[in-house]
Structures are given as structure tokens and as C-alpha cells.
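Values quoted throughout were computed directly from the atomic coordinates according to the rules given, and no laboratory measurement underlies them. All values derive from a computational prediction rather than experimental measurement. Cβ atoms come from the backbone with ideal geometry, glycine included; neighbour counts cover every protein chain shown.
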């Protein structure tokens, strides 16, 4: 067996993706090396791009050139992000081809301001996919109620979709249904279903942060003793993921999907996201080591990637302790904790957080745009 932990994960059926994007990742050769090491895909989000564009000089020349051409703030944003995603997709194209369209995907998100706009999401997703014009690009769409019909339509239209901001098993199951309906529409129309790629991104660490906060408040108020609280701390996210995987196996290894599978359709893999450990008392690889299993993806930020490279434990763990996972939710309910309320709020907060990052990014671009305009006018005045 390979001593490379990334390759060991691949052998166990899980693909390791990088949750990061900045231009220097490509220009420095770092991403190329990570692909050689066994990283098999990449995800981005508005917060990642906000930090990359606002926090570096990587984009200064392009931003200046686009501004001088009279591009709008939105046009500049799309040009910068589309270029990065296109270049990353080109680097991953070999993985995509070698895996027969199973891996090698790079994800770009539709504007989070469209999270509750079905028609707007469909329109922007199709525009971005056409601009990128690469088969190994996934368009990220949030798993909101308004996002679900968009997911179905986009899959039916032949796009690859990364469904994001999933926090509950119930929402996960509705996402899987939307994917299958989209594929069935393609099949019914006589269109190929064997190149449609999709993942369902289940966000993890945020679940524990929110649930732990409620548990600690119960203990502090004296409403529950420490012996009932402590065993549940840091357990809700992993328990949720294991139950989601149980649903995945039922849906995608079942009779209904078998008809699509016979036509070459790929399963919609669960993807574990938000995998950096927020609580320093927890293991820095807890959202990797505990959730390894076939037909899954784990997208990790650079710090978690390096932690797993150094001391992760590649072994199938996802299907273990399912009874314990179910007991976590029984125990939470017994304490009066409304987990659905927690996950609904996490979805709303996730959309709000990405929207804030997106607005901040547009604000940064607008500021830079104005600076360039002033500098250009000043230079012209001196001539």
C-alpha cells in the first residue's frame, strides 16, 4: 500500500479536494504539486475569493486593465474568478479524463445574493458554465428551498452541480431527489446521463459550533448536568454525516437509481465541507478520519490538508457506530434541543455570511476601480 495518505484515501473510495483558491496557488506551481500528491478536485466560495482578491496583489494588473476598459464591478468580479477557475480546471483536466469524469472538478458558486431566486440562479449558473466552457467545472448552488428546483433544472440541462450549504439529513434527501429528477428528465428526453457530475456538500464544523453552544448554555444554566452534556459535545456534525450517508446508500444503491445507473449515471457523492476544526480541544483531523467511505468527497482547507498528510488515519470509518450516531440525536432531543431549528438557522446564516463576503468583495473592487479611474485621469491631465 502507498505511504501517501491522499492516495490511500483514493484507494478507499474517498476523493480529497482542496477548499481554497487564490491566483498564486496556480502561478506558483503549488496546485500542480498538490495534484501530483493526490488532491483530486478544488472548491471555492465567495469568502475564499473575497480574501484572495482583497488580501493580495495577485489581481492588481487584471483589475487595472479591466477598469481601464470600462468594465463594471460585476464584470470585473466575473472576469477575475472565471479566469482562476478556468486555469484550475485546466490543471485538473488530467484527473478528470483519467477518472472518466468521476473526479478532477473545480467549483465556482453562483452569487449568494440569488440564494432565494430560482430563476436568477438558473440563469447565472448557465451563464457561468458557458463562459468557463470546461467539462470539469461544477457550479455551486445552495440547498435552499429555492435552490432545489434550480438544481433539478441545471442537472436536466447537462450542468455539473455542487449543492452547497447542506446542514441536515432532511435537506440532503431533498437534494438527492432533485438530482435524480434532473437525471430522469435527461434520460426521458433521450439525452446522455453518463457525464453529469454532482456532489452534495454537507457542512460540518458549523453544526458542532452551534450545537455545542446550546449544550454549554444548558449546563451553565443548571438545566442539565455535565455528565449528560459532555458526551454530546463535538458529536452532532459527525453523527449527521453518518446518517446522511445511510440515506445516500439507501437512495443511490437502491432500485430507483439502478435504472439510471444502467445508463451510466454516476451517484451524487456526499461531500464533507467545513472540515477545519474550530474547537482547539478537538482533533485537527476529526472531520476527515471519522468520515472515510466509498463514493464520498472531503474538501479541506490547506491547514487540514497538511494535518491529514502528517497524521491522518486512512481507514473506512463512515459506516461505523451508526447506532451511536442515532443516539446522539435522541439524547439532544431529550435535553430539549431542537436540532431542526439549529440547522435552519445555520442555512440562513450561511447564506448571509457568503452574501456579506460577496458584497464586501464587490465593495473592494469598486474602491480599486475608483482609485484606478482617478489615477488614469490624473495621468491624462499631466499630458
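Taking neighbour counts of Cβ atoms within 10 Å as a proxy for exposure, in what order, fewest first, do 368, 123 appear?
123, 368
If you find the alpha carbon centre of segment 232-273 and of segment 101-125, how far apart are they in angstrom?
Here the answer is 21 Å between Cα centres.
Could you line up 105, 92 from fewest to most neighbouring Cβ atoms inside 10 Å?
Fewest-to-most ranking of 105, 92: 92, 105.
Give me 44, 221 sorted ascending by neighbouring Cβ count inside 10 Å, so fewest comes first.
221, 44
If you build a Gaussian network model of the chain, linking Cα atoms that sit under 10 Å apart, which residue out of 64, 195, 269 swings the most?
Of the options given, 64 has the highest mean-square fluctuation.
If I model a spin label as a point 7 Å beyond the Cα along the Cα-Cβ vector, how far apart are those points for residue 331 and residue 253 in nm?
Placing both labels 7 Å along Cα→Cβ, they lie 2.7 nm apart.
Return the single residue from 50, 75, 246 with maximal mean-square fluctuation; model: Gaussian network over the chain, springs between Cα atoms under 10 Å.
Result for the chain, Cα springs under 10 Å: 75 fluctuates most.
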